[in-house]
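See below for the structure under consideration.
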Amino acid sequence: GIIERDETPMEKEIALLHRADFEFSHIFYFCRKGFEAIVEDEVTQRFSSEELLSWNLLTRTNVNFHYISLRLTVVWVIGVVVRYCFLLPLRFTLAAIGIASMIVGTTVVGQLPNGSVKNYLSEVVHLTCSRILVRALSGTIHYHNKENRPQKGGICVANHTSPIDAIILTNDGCYAMVGQVHGGLMGIIQRATVKACPHVWFERSEMKDRHLVTKRLREHVADKSKLPILIFPEGTCINNTSVMMFKKGSFEIGGTIYPVAIKYDPQFGDAFWNSSKYNIVSYLLRIMTSWAIVCNVWYLPPMVRKEDEDAVQFANRVRSAIARQGGLTELPWDGGLKRAKVKDTFKEEQQKNYSKMLVRNGSVG
């Protein structure tokens, strides 16, 4: 971080303040905490690219270009020529082949009658096209603990850094996707793939109906012959340094949860999609002109909800397991803060906790 924080919990510091008589200097503690939150809070920084420890020949810093030496400038210019004049055309060609193959292949397979043959061919098409798309990103992926890979009838949940997370996972196995119906090229892909595979696509109005979404997902999980559902419970992309609050909906469905931790190596390319700054076309151009997309994927042991757990507690337990395995910081904040302000109800809850803290420590003092 850009500031040095005191890691002592607020409860302990307030207790120390109350050991002596009140002095006006005590208010500086709260002033300091306020300034720390303004200068660098632990939420906002998760929605921008993580700082690099060393230059990776892509961008010198996250701010502006700075001249260092003629030699490094020459190396950087050569890298630009290689990435834009050689790698980009090759990657674009592979991506076009992969997308076209996905549309044509799933459309043809979708005409077959339901059965084992159709399911087998659908998985072949999805795996083949996903692997072509991974090659289009020069993807180097290391899969760990493959014995824990998600099984049919289950729910795969993973931390979310980029739209390519789904391609990274389907490179090693097939999943039923869950998402909103789109238009344009994405809509064409959705309509083609759903004919061959039981993906779960929702209209915008349906997505707002939580009970309807839960019902359709529960019906999918109940059929043990269907592919595992792939869900990203954070609901938005986080910058590969932390895991934020999981939405509880995925954990109310029932069934077995298969946690997956994804961690990208920023030395070769920044996979994080800052949707507030870049549209999808600009983002894809950035990653297709990077050196490579390198990441580790850990399949964690399956988890089931305990009898004494509610959906929120279960979600937190799964999130903690993913954070530990991926070496990510676990944060209790809602990823929705990326585009929305903190809810008044949450502010009031924190104010109540703070007042109780003051009264409790004041009575002890």
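The values are calculated or read from the model by the stated rules, or taken from the named source; none is laboratory data. Nothing here was measured: the structure is a model prediction, and the numbers come from that model. Here the Cβ positions follow ideal geometry from the backbone for every residue, glycine too, while neighbour counts run over all protein chains shown. We work out accessible area using only protein heavy atoms, side chains counted, and drop any ligands, DNA or RNA first. Shrake-Rupley method; radii C 1.70, N 1.55, O 1.52, S 1.80 Å.
Before moving on, here are some points about what is shown:
- Distance between the pseudo-spin-label points of Thr256 and Asp223 (7 Å out from Cα toward the beta carbon): 2.0 nm.
- Residues of segment 184-201 with an amide N closer than 13 Å to a point placed 7 Å from the Cα of Val281 along the Cα-to-Cβ direction: 185.
- Placing a pseudo-label 7 Å from each Cα along the Cα-to-Cβ vector at Val124 and Arg210 gives an inter-label distance of 4.4 nm.
- Surface accessible to a 1.4 Å probe, Phe314 within the full protein complex, Å²: 0 Å²
- Global dimensions of segment 59-336 from alpha-carbon coordinates: Rg and Dmax equal 19.6, 65 Å.
- Largest accessible area first, the listed residues His144, His199 line up as His144, His199 when surface is computed with a 1.4 Å probe on the assembled protein chains.
- Rounded to whole numbers, the Karplus 3J(HN,Hα) couplings from phi for segment 109-125 are 5, x, 7, 6, x, 4, x, 5, 5, 5, 4, 5, 5, 4, 5, 4, 5 Hz, using 6.51 cos²θ - 1.76 cosθ + 1.60 with θ = phi - 60°, and x at Gly and Pro.
- 5 angstrom amide H check on Gly139, placed H, neighbours 5+ away: Ile293
- Per-residue accessible area (protein heavy atoms, 1.4 Å probe) orders Glu42, Glu234 as Glu42, Glu234, starting from the largest.
- Chain lengthening between Val304 and Thr93 when straightened (0.36 nm per residue, less Cα-Cα): 71.7 nm
- Gain on full extension, evaluated as 0.36 nm per residue between Gln111 and Lys341 minus their Cα-Cα distance, stands at 78.1 nm.
- The residues of segment 59-336 expose on average 49 square angstrom of accessible surface per residue, using a 1.4 Å probe on protein heavy atoms.
- Val82 accessible area, assembled protein chains, probe 1.4 Å, Å²: 50 Å²
- Under-5 Å amide H pairs with Thr329, H placed in peptide plane, nonlocal only: Ser242, Val243
- By a 1.4 Å probe calculation restricted to protein chains, Ser54 has an accessible surface near 80 Å², given to the nearest 10.
- Tyr84, Tyr299, ranked by accessible area, largest first (probe 1.4 Å): Tyr84, Tyr299
- Alpha-carbon Rg with Dmax, taken over segment 209-365, Å: 19.2, 63
- Phi-derived couplings, Karplus 6.51 cos²θ - 1.76 cosθ + 1.60 at θ = phi - 60°, listed residue by residue for segment 148-159: 9, 4, x, 10, 4, x, x, 10, 9, 10, 9, 5 Hz, with x used for Gly and Pro.
- Efficiency of FRET between Val75 and Gln180 - r from beta-carbon atoms, R0 35 angstrom, step 0.05: 0.20
- The calculated FRET efficiency for the pair Arg131 and Lys248, based on their C-beta separation and a Förster distance of 30 Å, comes to about 0.35.
- Residue-wise HN-Hα couplings along segment 162-174, as the Karplus relation 6.51 cos²θ - 1.76 cosθ + 1.60 with θ = phi - 60° gives them from phi, are 7, x, 7, 3, 5, 5, 4, 6, 6, 5, 10, x, 8 Hz; Gly and Pro carry x.
- Cα-Cα over 31 Å, subset of Lys146/Lys248; Lys277/Lys356; Lys226/Lys341: Lys277/Lys356; Lys226/Lys341
- Here the spin labels are modelled as points 7 Å beyond Cα on the Cα-Cβ line, and at Glu51 and His144 they lie 2.6 nm apart.
- Here the average projected area of the convex hull drawn through the C-alpha atoms of segment 84-239 stands at 10.3 nm².
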